[in-house]
Amino acid sequence: MLIPRRDIEFQVFEVVEAEALCARERYAAHDRATLDEVLGSARRLAEERFLPYAALTDVHEPELVDGRVRIAPEARVALRELGEAGFIAAPFDAEVGGLQVPQVVNQACNALFASAHVGFHGYSMLTQGVANVIRVFGSDEQRRRYLPGLLEGRFFGTMCLSEPHAGSSLADIRSRAEPLPGGLYAIRGDKMWISGGEHELSDNIIHLVLAKVPGGPPGVKGISLFIVPRYRVGPDGGLGADNDVRLTGLNHKMGWRGTVNTALAFGPNGECLGERIGEEHRGLASMFQLMNEARIGVGVCSVALGYAGYMNALAYARDRLQGRPLGQRDPSTPQVPILRHADVRRMLLAQKSWVEGGLALELYCARLMDDLATARDAGEGARLHGLVELLTPIAKSWPSEFCLEANKLAIQVLGGAGYTRDYPVERLYRDNRLNHIHEGAYGIHGLDLLGRKVPQDGGAALAALAALVRETIAAARSDGSFSQEADQLDQALGGIDAATRRVLGAMAKGEAERALANATVYLEAVGHVVVAWRWLEQARVATRALGTAGAADRAFYEGKQAACRFFFRHELPRVGPQLALVASLDETPLLMPDEGF
Amino acid sequence: MRKILVGVKRVIDYNVRIRVKPDGTGVVTDGVKMSINPFDEIALEEALRMRERGEAAEIIAVCIGPDDAQQQLRTALAMGADRAILVKHDGPVDPLVAARTLHAIAQKESPALVIVGKQAIDDDAAQTGPMLAALWDRPQATFASKVEFKGETLVVTREVDAGLETDEVDLPAVITADLRLNEPRYVKLPDIMKAKKKPLDVTDLASLGVDAGSPAQVVRWEPPAQRQKGVMVKDAAELVDMLKKKGLI
């Protein structure tokens, strides 16, 4: 089931105020009616071309047949419609063939597609990411050659970082790029875990490949980035000869099976040509441009899958008659829907608070990206860029943990039925499990947040975030209706401050290993505080709207208020002990003898 | 070159569970998602295909409804209609009033063809097309599943109880679209933006000289009876017996 229309409308237009963006020059071609139409078109495509095949491509996963990948033909139809409708091009600049749809609406569309069929959505997510790298770092000629195909959905993109022996540690990759006369490079190497690496869903596949040019510095500083098409592309965008990229195997995954995952060999016959994109030895920085966007995209997928699970669990709980209220033992009385049982209500509220909180987090990040794209001056731009950088590891990781937890509870609500393949909740759980791992595993993002993003620029980004949270706290106190929650959030913010000071102090003394030993716990706690903040914002918007709401909307807004209270009472209290643990610089895992495990 | 007029009704979206107002005066539309009647979408799609084949030059989408019905006309323009006319009218649209309205516009615009859905999914009346043909005194072919031009006539395959019937009608004519006529296209994002610049004229029944009265009176709205609990039968023979007893076969 898809993310419901009412919540998309609430989050996009009432909370992050997408319509206000249309007053800015970049988005002037849009208004509320066109944005509604874009969201409506996405929903219809998702319902008719994505959702019906989610179970099919799970059971019939991609197969290797005569060296080619065979995927359900419905995938090609769905993705061709998606590209032709303009959803891949949507957020891009008009000058490269895009439609300058605000990111808040683009990511809401992505959430709809992912909630319908995350496997199909994977191809377009990667393609948007690859197109963005070429737009930012590519030469004019590279843009002319590759962007039209990517934005129209005739070419799909991939990102080729990992190798069989080097996953999270990119310093150790072995792929080589030998310069050739004329400016091209001969690419040779093996890549692993490549999503969308080989298929017949698009006319061509554009790989972005990390490789080392001989003679460069060791480690990550010697990595360059290359455009390596499956079929060579002429200056006019026409397709040429095979480019010697070979499929060496498929990975058989637990979930997310609609997106084929491959092992690839580049240049096994010495015939693979690549074009360098950006400067030599600066490839990783360029790739991180794609990674940041992909990471927010992964967060969106996590939310979408958790949300789809919640909708299924909710529908089941409303329908399924089982048991009687506690205290009512008379077997002649009718059974009640399981929605009436306290613990089922708790599980549903937990799911609601995680998935709607997660969606609010992702759309807030999208709004920051829109603000960044329309920043008035360099100072505002730097502040917004810092905020996006700081929130990226949280936007990627928090939903991958808590919206997966939502999928767990969705199965629980269905009981034994949820554990069978008769219902989609077990598939949604398996699909979502990947988000905890790819685009930087959970633990990597703890290190990214605490070891890199927080200390960067003298802690400016964290200070900017705290200032925004304090604005909401002050506003909630003056509204009066959520002042208790405002106090609780203020206290949690103080906890972050204290823990951060202790950790940064230890890092300044050169104790990096000890300081960062609990970075994952810190990531989780900061994530909870940020989501609590977004819940407080949602509750404030809902409270204001209740004044004039009709009957149907009243229930919706009251549900938002209740979910906010639930998050503050059942979830936010985790944060105090977590931050205290981080501040204590606990070394228990480090001190454990290896032999003691 | 030919003009085609397409009737586009604003109805409660097919995904919405309909609720009757407690006082029986209508159904709840407050905060409910509204869409183009799916059969009218098929009608519009057929007109678009005719234009793409060079068989028509201009497509005009017409909707009778409140101000908010501009939404549905914008969608029609984004799908590809050239211009749109909103005939303002609050409350339910009676098929006879709809037929009179389309007739008034047909007299002004002189289309070669009027295509409407075979019925609207809200009242399921299936009367607008036939009534329009009668008022306009032109041929009609309802429940069309295939439509082809043959010179200045139209060959229409119709879905009837006995199977398929093929008729040839002179132009101008009225066609009503059945489900299998085509599968409407997805709206493309660039077309959504182009639609903003297409003309959308607003008028009302009085300006068109349309009589808003109708001999049909809505007495009361009621939800259908709740489904009764089922009975398990042990075999086909018992099933047949039960059906016979109930007078169903």
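Values in this text are rule-based calculations from the coordinates and carry no lab data. Predicted, not measured: the structure shown is a model, and the values here were computed from it. Cβ atoms come from the backbone with ideal geometry, glycine included; neighbour counts cover every protein chain shown.
Of note:
- Annotation for B:D204 and B:E109: the two label points, set 7 Å from Cα along the Cα-Cβ direction, are 2.1 nm apart.
- Going by neighbour counts of Cβ atoms within 10 Å, the residues B:T153, A:T57, A:T127 line up, fewest first, as B:T153, A:T57, A:T127.
- Highest-MSF residue in chain B out of B:A125, B:A78, B:A98 [GNM, Cα springs under 10 Å]: B:A125
- Sites A:A378 and B:A134 - FRET efficiency at Förster radius 60 Å, r taken between beta-carbons, to 0.05: 0.30
- Listed peptides A:183-192, A:291-300 appear in the order A:291-300, A:183-192 once ranked by packing, highest mean of other Cβ atoms within 10 Å at the front.
- Exposed chymotrypsin sites (Phe, Trp or Tyr not before Pro) absent - longest run of chain B, DSSP non-H/G/I/E/B, at most 15 other C-beta within 10 Å: B:15-220
- Within the listed set B:A162, B:A236, B:A61, the Gaussian network model of chain B (springs between alpha-carbon atoms below 10 Å) gives the highest mean-square fluctuation for B:A236.
- Virtual spin-label span in nm between A:S478 and B:I249, 7 Å along Cα→Cβ: 7.4
- Across segment B:3-245, the volume of the C-alpha convex hull divided among the residues equals 180 Å³ per residue.
- Rounded tilt (10° steps) of A:32-45 against the dominant C-alpha axis of chain A: 80
- For segment A:1-128, taking Cα atoms only, Rg and Dmax work out to 15.9, 54 Å respectively.
- Relative to the dominant Cα principal axis of chain B, helix B:95-109 is inclined by about 20°.
- For segment B:1-67, projected area of the alpha-carbon convex hull averaged over all directions, nm²: 5.6
- Segment A:296-354 versus segment A:142-185: alpha-carbon centroid distance in Å: 45
- Cα-based Kirkwood hydrodynamic radius, chain A, one decimal, Å: 25.1
- Pairwise FRET efficiency - A:Q412 versus A:R329, Cβ, R0 = 25 Å, nearest 0.05: 0.50
- Cα shape, segment A:92-168, gyration tensor, a/c 1.5 rule: oblate
- Potential lengthening between A:R246 and A:Y419 on full extension [0.36 nm per residue; Cα-Cα distance subtracted]: 58.5 nm
- For chain A, the longest principal axis of the Cα atoms and the long axis of helix A:140-151 meet at an angle of about 50 degrees.
- Inter-part distance where segment B:37-76 and segment A:43-100 are each reduced to a Cα centre, Å: 27
- Volume in Å³ per residue [convex hull over Cα atoms, computed for segment A:146-232]: 102
- Exposure proxy ranking, count of Cβ atoms within 10 Å, fewest first, for A:L384, A:L489: A:L384, A:L489
- Candidates per trypsin sites (Lys or Arg not before Pro) in segment A:478-583, loop by DSSP, up to 14 other Cβ within 10 Å: A:K509
- At q = 0.14, 0.18, 0.23 Å⁻¹, base-10 log of I(q)/I(0) for segment A:292-389 (Debye sum, equal scatterers on each alpha carbon): -0.66, -0.85, -1.08
- Here the convex hull built on the C-alpha positions of segment A:340-481 has a volume of 147 cubic angstrom per residue.
- Loop-resident GluC sites (Glu not before Pro) (DSSP state other than H, G, I, E or B) in segment A:5-85 with no more than 16 further Cβ atoms inside 10 Å of their Cβ: A:E17.
- Counting other Cβ atoms within 10 Å as a rough exposure proxy, the listed residues A:H121, A:H207, B:H103, A:H281 run A:H281, B:H103, A:H207, A:H121 from fewest neighbours to most.
- Cα Rg, Dmax, segment A:289-339, angstrom units: 19.5, 64
- For segment A:536-593, alpha-carbon Rg and Dmax in angstrom: 19.2, 63
- The alpha-carbon of B:K88 sits under 30 angstrom from the alpha-carbons of these lysines, leaving out residues fewer than 8 places away in its chain: B:K3, B:K9, B:K21, B:K33, B:K108, B:K118, B:K188, B:K194, B:K196, B:K197, B:K198.
- Pairs of Lys residues in chain A are counted when their Cα atoms are under 25 angstrom apart and they lie 8 or more places apart or on different chains; the count is 16.
- Debye-sum result for segment A:433-580 in log10 I(q)/I(0), which assumes one identical scatterer on each alpha carbon, at q = 0.14 Å⁻¹: -0.74
- In segment B:1-52, the trypsin sites (Lys or Arg not before Pro) that fall in loop regions by DSSP, at most 12 other Cβ within 10 Å: B:R17
- Per-selection Rg to Rh, segment B:167-249 - Cα, Kirkwood hydrodynamic radius: 1.19
- Where N is the number of residues in segment A:191-250, Cα Rg divided by 2.2 N^0.38 Å: 1.31
- Residue by residue, segment A:512-526 carries 3J(HN,Hα) couplings of 4, 4, 5, 4, 9, 4, 10, 4, 5, 5, 4, 4, 5, 5, 5 Hz when phi is fed to the Karplus relation 6.51 cos²θ - 1.76 cosθ + 1.60 (θ = phi - 60°); x denotes Gly or Pro.
- Relative contact order for chain A, counting Cα pairs under 8 Å that sit 6 or more residues apart, in percent: 12
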